[in-house]
Amino acid sequence: MNSKRTVILYNPDAVFYTMPLALLAIGSYLDQEKYSVVIIDGRLEKDPMIKIREAFKADPVCFATTVLTGSPIKDALAISRSVKNEMPELPVVWGGWHPSLFPEQTLNDTSVDVVVKGQGEITFAELVDHLKNGISLKGLKGICYKEQGIYTENPERAMVDINQFPPFNYDLIDVNRYMALSGRPQLDYISSQGCRFRCSFCADPFMYKRGWYGYSPERIGEEVEALWKRYHFNHVHFQDETFFTYAPRVKALAETFIQRKLPISWFGTMRADQGVRLSEDIWQLCKQSGLERVMIGMEAGTQEMLDWMQKDIKLQQLYDVAKLCIKYDIAINFSVIVGFPGESAESIRQTLNVVKELREMSPSFHMGIFYFKPYPGNKIADELLANNYQFSTTLEEWSNFDYVGSGQSEWIDADTFRLVENFKFYQNLAYNKRTTSKYVFQSLARWRVENNNYRFPIEKKLKEWLKPETKLS
Ligand code: B12
Ligand code: SF4
């Protein structure tokens, strides 16, 4: 008879098919001799409860799910409630970004028993052992839980170097299925955890306390090569918060990719200041090893706003890193945030002007423009709280939270909001690579953007009617 107990891990429904790396991280760290790990993904199942019920039959220790702020909460909540309903004795554990920010609110829902805060591997492994052996959760570092219905917050667990964790066991998921669904044979891989910076709109400094650990380049090279031999992907998407944190690591990684002759391209997240500091020989090596695209948080187009949000970059660095990417033929996805509390319409217009200048530099530069939405755990939120700003107080309310926001943003007047929405649409048409079939529309869009003239936006209405915008959540 199989004496292994099952641990059920659930990824809530979402609109992109990134591999469920958080679940791979905690699942791979569990003792495989003692536990069978089952990962069920709400994005892949029509009715995830069918698979969850099957797992109920395999002597489960707990049901655990990873939750981001926003719409994933809806699905995580619905599934957790069904689990509680059908198997009331099975502990339900929530981990990841949202419950780490709001452990008490999360545990206010009767369907959730335990929250794991921050880095999850060790805490979850200890938790599962405790639950399996019926040991009290008192003092178990890194968790919050309900003790006879009363909210209990245990001491925090310090983040540890991720090099001490085993490689992810990709066998726990159907890699080929994710690759097919994401539209490209790409491997999602995370090579570091945390971030050393302090941007005041971001959850990372709260979650990882400005700690950062990265796998050694040799380890990444070995793991990626072994995975490539199995799955034959042609692209590696590094999902790190700040991939380019440590230049010698980047250099050695590029060298090992070249030496291993891996026929892959790759993507990584970069800050403008990191890019500018990177020496030309490292840029060269990155390009040679397959660096295809970087993602850079531009955030705002005035030094005043960048300083206010503690981005710790200079506006000029955005142009300088753009020039380097052009030199080495590397694409950039920039991301921009508008509508910070108290941000003037003029500041937003200035940001759009910088976007235009950067986009004009290369058709392989793209821009994602988002509206600011606050959540506690950072300096901006503290200031808002001091001014009696009302944050959501329940999981249901947070599940309606939308970062991208099709509705008008709180700190933008109606005219500026319209301008931003029009700009978001026309900048793509105006600056993307010209094609014969769209040439006339692209020329018109360029004229509109250059002249800030969005009267009678027929092209936009037509496009929205023919192909509604893809949602991020
Ligand atoms: C992949 C990804 C996505 C995927 C999600 C795929 C999925 N699984 O469903 C997609 C593309 C859908 C996505 C969308 C968005 N994302 Co996103 N995304 C990421 C990214 C780049 C990687 C996540 C990841 O896999 N990390 C690797 C794992 C190993 O790390 P981890 O998640 O931190 O997990 C550890 C701990 O948190 C903990 N843990 C996590 N889950 C669990 C569960 C249990 C049970 C336990 C015990 C522990 C545990 O243990 C893990 C190991 O230590 C992160 C940034 C990052 N590098 O983490 C942003 C990030 C999570 N995304 C974020 C945001 C803001 C967004 C978007 C709004 C888009 C945008 N503008 O960036 C949307 C909308 C989200 C939504 N509401 O739907 C924020 C999250 C903020 C928040 N409060 O939730 C992050 C942190 C980026 C940032 N710094 O702003 N995202
Ligand atoms: S650099 Fe990126 S991940 Fe780090 S704090 Fe700033 S926004 Fe967050």
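Here's the list of aspartates and glutamates a cross-link from LYS356 could span, going by alpha-carbon distance under 13 Å and ignoring same-chain residues fewer than 8 apart: GLU450.
Neighbours of GLN259, meaning other residues whose beta-carbon lies under 11 angstrom from its beta-carbon, give a summed charge of -1 when Lys and Arg score +1 and Asp and Glu score -1.
Counting only protein heavy atoms, what percent of the accessible surface of segment 226-339 is carbon or sulfur at a 1.4 Å probe? Mind showing how you got there, number by number?
Details: 2330 of 4420 Å².
Carbon and sulfur together cover 53 percent of it.
Peptide packing: for 276-289, 230-243, the average count of neighbouring Cβ atoms within 10 Å per residue gives the ranking 230-243, 276-289, highest mean first. Cβ-Cβ distance of LYS46 and LYS146, R₀ of 35 Å, FRET efficiency by 1/(1 + (r/R0)^6): the value works out to about 0.60.
Checking Cβ-Cβ separations below 4.7 Å across the chain identifies CYS62, CYS144, CYS195, CYS286, CYS325 as cysteines lacking any candidate disulfide partner. What pairs from LYS117/LYS138; LYS117/LYS141; LYS146/LYS379; LYS424/LYS461 go past 18 Å between their alpha carbons? From LYS117/LYS138; LYS117/LYS141; LYS146/LYS379; LYS424/LYS461, over 18 Å: LYS146/LYS379.
Could you give the dipole magnitude of the chain about its Cα centre, charging the beta-carbon of Lys and Arg +1 and that of Asp and Glu -1, in debye to the nearest 20? Don't skip to the end; give the middle numbers.
Numbers: 56 positive and 59 negative charges, 278 e Å.
Taking the Cα centre of the chain as origin, the dipole is about 1340 debye.
Just going by the charge dipole of segment 331-473, with Lys and Arg at +1 and Asp and Glu at -1 on Cβ, which of THR393, TYR439, ALA381 is farthest out on the positive end? With unit charges placed on the Cβ atoms, the residue in question is TYR439. Placing pseudo-labels 7 Å out from each Cα toward the beta carbon at GLN32 and MET87 gives an inter-label distance of 2.2 nm.
Relative to the longest principal axis of the Cα atoms of the chain, the long axis of helix 315-327 makes an angle of roughly 90 degrees.
Averaged per residue, the chain has 46 square angstrom of accessible surface, using a 1.4 angstrom probe with ligands and nucleic acids left out. Which residues does a label at ARG5 reach in segment 38-73, if reach means a backbone N under 15 Å from a point 7 Å past the Cα toward the Cβ? 38, 56-64, by backbone N distance to the label point.
Would you work out what percent of the accessible area of segment 5-153, with all protein chains in place, is carbon or sulfur (probe 1.4 Å)? It is 51 percent, rounded to a whole number. Taking the Cα centre of segment 1-156 as reference, the dipole from Cβ charges on Lys and Arg (+1) and Asp and Glu (-1) amounts to some 200 debye.
Using alpha carbons only, how many degrees (0 to 90, rounded to 10) separate the axis of helix 247-259 from the longest principal axis of the chain? The angle comes out at about 90 degrees. What angle, in degrees between 0 and 90 and rounded to the nearest 10, separates the Cα long axis of helix 439-451 from the longest principal axis of the Cα atoms of the chain? That works out to roughly 80 degrees. Length available on full extension from ASN387 to ASN333: 0.36 nm per residue minus the Cα-Cα distance, which gives 16.0 nm.
The values are calculated or read from the model by the stated rules, or taken from the named source; none is laboratory data. Everything numeric in this text was worked out from a predicted model, so none of it was measured. Every residue, glycine as well, gets a Cβ built from its backbone with ideal geometry; the counts of neighbours run over all protein chains shown. Quick note on the areas: whole protein, heavy atoms, side chains included, nothing else; ligands and nucleic acids left out. Shrake-Rupley method; radii C 1.70, N 1.55, O 1.52, S 1.80 Å.
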